[in-house]
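Each remark here refers to the structure printed beneath this line.
Derivation of every value follows stated rules applied to the coordinates shown; laboratory data play no part. If you're wondering where the values come from, they're calculated on a predicted model, not measured in any experiment. So basically every Cβ, Gly included, is an ideal-geometry build from the backbone, and we count neighbours across all protein chains shown.
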Amino acid sequence: MEKREKLKLTDILSRIISTDGIVDLNERIWMNKLCENNIEAKEIAGAMLCPDFYDPDGIDSAFY
């Protein structure tokens, strides 16, 4: 995944999370296509959008 793609994805996700962020449909479509075709992008999106369910080290027994 290229650096500019990571930055764009992070920007979009940050605006989705924020209360005043605006994300247009084209950005959401781009993000969804990227996440469908790129595991790293999917992991980044999952970590940012669902931090309560993200356990990268497998430490929390609630996830088993």
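A few comments on the model shown:
- Highest mean packing first, where packing is the average number of other Cβ atoms within 10 Å per residue, the peptides 33-42, 15-24 line up as 33-42, 15-24.
- Our estimate of slack between ASN32 and ARG4, defined as 0.36 nm per intervening residue step minus the Cα-Cα distance, is 8.4 nm.
- Prolate/oblate/rounded call for the stretch 3-52, Cα gyration tensor, a/c under 1.5 rounded: oblate
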